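The structure appears below as structure tokens.
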Amino acid sequence: MMTEEVPSVLRALAAILTTFAAGLGVSALVLRGRVYAVTGLIGMSLVLGMAFVSVALFLLSFFFSGWVLVEGLTVVLLLLGCFGVVHFIKHKPVFSKTDGGFVVLAIIQCVAAAWFAFAYDLGGDGLVNFEIRARLMFEHAGQIPLAFFNDPSRSWLHPRYPLFIPMNEAWFYLRGGVVDQVGVKWLAVPMALAASCIYYNGIEILTGSKVRGVIASAMFVLVPGIFAAPGGVIWMWGDFALGLFFLAATLELLLFLKDKQRSVIPFAIYAGFLPWVKTEGAILGGCLLVVHGILTWRASLIRRSIVAAFPYLIVFAGWKVFCLAVGAKAPNEFLPPSIDLVAQNYSKIFAVIWGVLRELVEVKRWSLLWLLALLALFRLSRSGMRVQALVVCLLIGVPLACYCGAFFLNPRPYYLNALPRLLIPLGMIAISAIAVAFPLREKKEDSVVNEPLP
Amino acid sequence: MHLSVDDGTKALRSELSALPLNEDILVVGAQADWTLCDVYMMTSYLAWPRRVWLLNLNPINANAPFDFPPPGAIEPSMMLFYDTTPPPAPNQRKIGDRLVVTRIKS
């Protein structure tokens with residue numbers, strides 16, 4: 001067991017490497033022998049590793065505690081890692097020399113993420129909405145006290161918030177043997193790295209251009225709202241993690257448009273985990289599945305659509321059942337929707353829309369992201385990627401409309417405060433559109449295109 | 001930060017840890033900004049599993065955005081007065097310039 005004397009970077013390495021090992025094993029199961037690029041594999045392994053650790057720790061904590069839980073889970077993660085290594089020795093992932101530029105960029109991004117992460121503390125939301133669950137879990141030998149979820153004096157702590165971030169933080173505490181609200185921010189580094197790799201690999205496969213992949217992976221660091229502003233990757237508040245899953249699922253969806261034989265499993269897993277990351281993940285996941293359903297219906301691949309919905313339904317229903325079972329109650333923050341309410345407050349509709357538009361042009365937070373996204377979508381719709389442009393439009397527009405509805409029903413005077421953070425996952429999709437539509441004179445490069453499943 | 005003293009959180013935690021676990025704590029203030037809310041949230045964070053409530057003497061508006069009063073009558077074993085003059089009481093301790101901790105039950 002580690003102690004406080006061990007530097008936080010070593011404790012973080014223990015947590016991150018075991019998480020990555022698990023992700024490697026899960027990726028091997030998901031890819032089932034497909035050839036994949038090293039960069040994409042790293043991104044996928046980090047994301048799936050964090051997803052696996054969060055679920056495994058949550059479920060195992062009902063049956064085990066203390067060192068049995070920590071060491072037992074470590075063994076499971078390492079065994080998965082061994083399986084992954086053996087699998088990928090057999091099915092070697094591809095690394096091209098031209099990926100060197102991206103590697104340099106990714107290293108710079110990791111350093112920047114660490115530097116900025118430690119320049120700020122966890123912040124109020126980071127502590128009371130996420131970290132407190134990890135701390136309580138650590139203080140109760142790895143078992144989150146169920147009384148936390150129905151404590152009437154803490155219902156403002158959103159007891160129904162899902163546990164993706166708290167469980168990953170708890171794994172850092174449990175594996176490291178100490179509660180460390182500063183050191184836990186090391187977890188921002190694998191998240192930044194995962195985003196960078198997913199952008200690079202996804203955009204490269206989508207467009208056949210490594211340059212566009214580099215543009216996408218460089219851009220998210222340059223948008224303050226996604227990187228450094230509250231809720232960005234360096235804060236560990238869940239919004240960026242949500243964006244990570246949403247981005248990965250969206251890219252899988254766009255790749256499905258290019259290759260109808262593409263496996264549905266990665267998409268299903270990424271979309272399925274969205275409700276486990278944050279509450280609004282249910283909206284994002286729902287939008288993804290509806291769009292996916294329409295596309296598969298058009299391609300007469302209904303079975304694929306049903307398979308895709310399974311993980312989402314299991315995660316969504318599972319968490320709801322848990323909340324019901326433990327009596328997790330949140331204060332009712334929304335007014336019941338009715339025609340009378342709309343008639344009485346119709347001026348608020350304009351206030352909400354005006355607030356959203358003002359936020360989208362907030363240069364300090366978003367730079368020119370949304371303007372460029374608009375131009376990019378226009379350009380894509382004029383080129384051969386009309387359907388892709390429509391998909392991105394829907395995946396940005398429908399969640400935004402849902403959020404506007406929620407703002408309208410929220411009677412609090414500060415109802416728009418959460419908007420910048422809600423825009424993070426949507427902004428991450430917008431970056432993909434910009435990178436794909438970016439005007440470049442390029443010769444077609446050889447890209448590592450994932451092989452379809454046999 | 002809002003307590004204007006070094007190690008304010010440590011001092012607050014030490015006060016809270018002296019209380020039995022199944023007690024109520026009431027934070028009282030009249031701030032027209034988020035600082036009272038921050039102090040309440042920090043108290044709630046540190047005091048688990050004790051129940052912590054917030055009584056904001058200001059009406060809720062855009063500047064005084066949050067309160068969380070108990071749903072019914074409670075007998076708090078400790079009251080924390082943030083930037084508010086508390087009534088005189090024997091067991092009082094100041095943490096920084098702005099927070100007064102009053103132990104009601106010994």
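The values are calculated or read from the model by the stated rules, or taken from the named source; none is laboratory data. From a predicted model like this one, the values you see are computed outputs, not experimental measurements. All Cβ positions, even for glycine, are placed from backbone atoms using ideal geometry, and neighbour counts span all protein chains on display.
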Subset tally (residues that are surrounded by 13 or more Cβ atoms within 10 Å (Cβ to Cβ) and more than 18 Å from residue A:398 (Cα to Cα)) for the stretch A:343-367 | 7
Count of residues meeting criterion [touching a Pro at 6+ places or on another chain (Cβ under 9 Å), at pLDDT below 90 and away from every other protein chain (no Cβ under 11 Å)] in the stretch B:23-54 | 1
Consider only pairs whose beta carbons are under 6 Å apart and that are at least six residues apart or on different chains; among these, list those whose first residue lies in the stretch A:143-172 and is within 13 Å of chain B (Cβ to nearest Cβ) and whose second residue is outside any helix (DSSP H, G or I) and among the charged types (D, E, K, R).
-> A:153/B:51; A:155/A:329
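Looking at the stretch A:368-387, can you tell me whether even one residue there is surrounded by fewer than 11 Cβ atoms within 10 Å (Cβ to Cβ) and within 26 Å of the chain's Cα centre (by Cα)? Working first, answer last.
Residues of the stretch A:368-387 surrounded by fewer than 11 Cβ atoms within 10 Å (Cβ to Cβ): A:384.
Then drop every residue that is not within 26 Å of the chain's Cα centre (by Cα), which leaves none.
Checking the stretch A:368-387: not a single residue is surrounded by fewer than 11 Cβ atoms within 10 Å (Cβ to Cβ) and within 26 Å of the chain's Cα centre (by Cα).
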Determine whether residue A:192 is in contact (Cβ under 8 Å) with a residue 24 or more places away in the chain and closer than 26 Å to residue A:264 by Cβ.
-> no
Kindly check whether there is at least one residue in the stretch B:8-18 that is within 11 Å of chain A (Cβ to nearest Cβ), out of contact with any helix residue (DSSP H, G or I) (no Cβ under 7 Å at 6 or more places or on another chain) and either surrounded by fewer than 16 Cβ atoms within 10 Å (Cβ to Cβ) or outside any loop (DSSP other than H, G, I, E, B) (or both).
-> no
Reported set for the stretch A:305-343 where residues are in contact with a Gly (Cβ under 6 Å, 6 or more places away or on another chain) and either modelled with pLDDT of 95 or more or under 21 Å from residue A:161 (Cα atoms) (or both) is A:311, A:312, A:315
Within the stretch A:365-420, which residues are farther than 30 Å from residue A:256 by Cβ and assigned to a helix (DSSP H, G or I)?
-> A:365, A:407, A:408, A:409, A:419, A:420
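Let's see how each residue does on (1) among the small types (Gly, Ala, Ser); (2) more than 20 Å from residue A:96 (Cβ to Cβ); (3) assigned to a helix (DSSP H, G or I); (4) more than 18 Å from the chain's Cα centre (by Cα):
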{"position": "A:154", "(1), (2), (3), (4)": "no, yes, yes, yes"}
{"position": "A:166", "(1), (2), (3), (4)": "no, yes, yes, no"}
{"position": "A:169", "(1), (2), (3), (4)": "no, yes, yes, no"}
{"position": "A:178", "(1), (2), (3), (4)": "no, yes, no, yes"}
{"position": "A:188", "(1), (2), (3), (4)": "yes, yes, yes, no"}
{"position": "A:192", "(1), (2), (3), (4)": "yes, yes, yes, no"}
{"position": "A:199", "(1), (2), (3), (4)": "no, no, yes, no"}
{"position": "A:213", "(1), (2), (3), (4)": "yes, no, yes, yes"}
Checked A:145, A:190, A:162, A:152 against criteria (buried (at least 23 other Cβ atoms within 10 Å of the Cβ) and farther than 18 Å from residue A:428 by Cβ); the one match is A:162
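Yes/no matrix, rows are residues, columns are (1) farther than 28 Å from residue A:131 by Cβ; (2) of a type outside the set (Asp, Glu); (3) free of Cβ contacts under 8 Å to residues at least 12 places away in the same chain; (4) out of contact with any helix residue (DSSP H, G or I) (no Cβ under 6 Å at 6 or more places or on another chain):
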position	(1), (2), (3), (4)
A:256	yes, yes, no, yes
A:260	yes, yes, no, yes
A:270	no, yes, no, no
A:285	no, yes, no, no
A:292	yes, yes, no, no
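Where residues in the stretch A:107-118 are touching a residue at least 24 places away in the same chain (Cβ under 8 Å) and surrounded by fewer than 21 Cβ atoms within 10 Å (Cβ to Cβ), which of them is nearest to residue A:12 (Cα to Cα)?
First pass over the stretch A:107-118, keeping only residues touching a residue at least 24 places away in the same chain (Cβ under 8 Å): A:109-110, A:112-114, A:116-118.
Subset that is surrounded by fewer than 21 Cβ atoms within 10 Å (Cβ to Cβ): A:110, A:112, A:114, A:116, A:118.
Details: A:110: 14, A:112: 17, A:114: 12, A:116: 17, A:118: 13 Å.
That would be A:114.
Identify all residues within the stretch A:101-150 that are aromatic (Phe, Trp, Tyr) and over 27 Å from residue A:64 (Cβ atoms); write none if there are none. Don't jump to the end; show me each part of the working.
The first filter runs over the stretch A:101-150 and keeps only residues aromatic (Phe, Trp, Tyr), leaving A:102, A:115-116, A:118, A:120, A:130, A:138, A:148-149.
Once the filter is applied, which keeps residues that are aromatic (Phe, Trp, Tyr) and over 27 Å from residue A:64 (Cβ atoms), the stretch A:101-150 yields A:102, A:115, A:116, A:118, A:120.
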In this structure, is residue A:131 more than 20 Å from residue B:66 (Cα to Cα), within 14 Å of chain B (Cβ to nearest Cβ) and under 18 Å from the mean Cα position of the chain (by Cα)?
-> yes
